Every structure is written in C-alpha cells, then in structure tokens.
Amino acid sequence: MAIGDLGDAYLDQRYRARRRRQWPCHRRAPPIHGPSRLRPDVPARYGGEVIYAGAGGRALVADDGQAWDAVLLVKYPSRQAFCAMVADPAYQQVTRLRTVALQEAVLQPTVPWSPA
C-alpha cells in the first residue's frame, strides 16, 4: 500500500523562488507568493484544505542552502484527490507560472502517525 492510499493525506510544500531578474520571461510579472497568490479554491474543489501557509524563515537545523521562501501544508481526503486536482486546468495554469518563478520546490506527501 502506498502512502496516502487510505484516509487523509497531507502535502508538505516548500518553495524557493527565483529572484524576478532571473526569470527567463515575465520579468514584470507580480510575485506568485504571499496571501494574494494563494488559490485555496482549487484544492477545495477536491476536498483539500490549506492548514498552514506562510513565509519561510531561516532554518535552525539544516544543511546550507535549505532555507525556503514559502511553506504550505495542505490536507487532502486522499492521495487520489490530490492527483485529480493536479489534472485540473486551473491548477495547470498556476503550474506554468510556478515553473518559471521557482528555483526549487519540494512536494512531500505525508500521513499522520496516528489518527487525527
């Protein structure tokens, strides 16, 4: 059984943005991070709920280069619900801009050690 096949799945998302001057295109585009860029309506259509969204701080315990600009934790009813959301055209629109704007991203699926 794969992680998240049964019950709730939590997706830990961490983003490191390129500085706008490093973007290959859309140099004058607004930033994609922060509350104004969060689109909770897309995950909500698939039962997703943003548990936490915030700016990353300086890492207290980590290797060099492990600071993140933004951190999100989103709860989905299942891994299948997340996969369905990724196929949504509205999500795909954000993905194109995110690919241009991000230097690095981590999407880590997790499940609770014990029932919530």
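The values are calculated or read from the model by the stated rules, or taken from the named source; none is laboratory data. Note that the structure is predicted; figures quoted are calculated from it, not measured. Counting neighbours? That spans all protein chains shown, and the Cβs are built from the backbone with ideal geometry, glycine included.
Scanning the range 40-57 for residues that are surrounded by fewer than 15 Cβ atoms within 10 Å (Cβ to Cβ) and of a type in the set (Gly, Ala, Ser) yields Ala44, Gly54, Ala55, Gly57.
Of all residues in the range 48-62 being of a type outside the set (Val, Ile, Thr) and modelled with pLDDT of 85 or more, which is nearest to the chain's Cα centre (by Cα)? In this case the residue turns out to be Ala53.
Restricting to the range 69-104, what's the tally of residues that are part of a strand (DSSP E or B), surrounded by fewer than 16 Cβ atoms within 10 Å (Cβ to Cβ) and touching a helix residue (DSSP H, G or I) at 6+ places or on another chain (Cβ under 7 Å)? Selection size over the range 69-104: 0.
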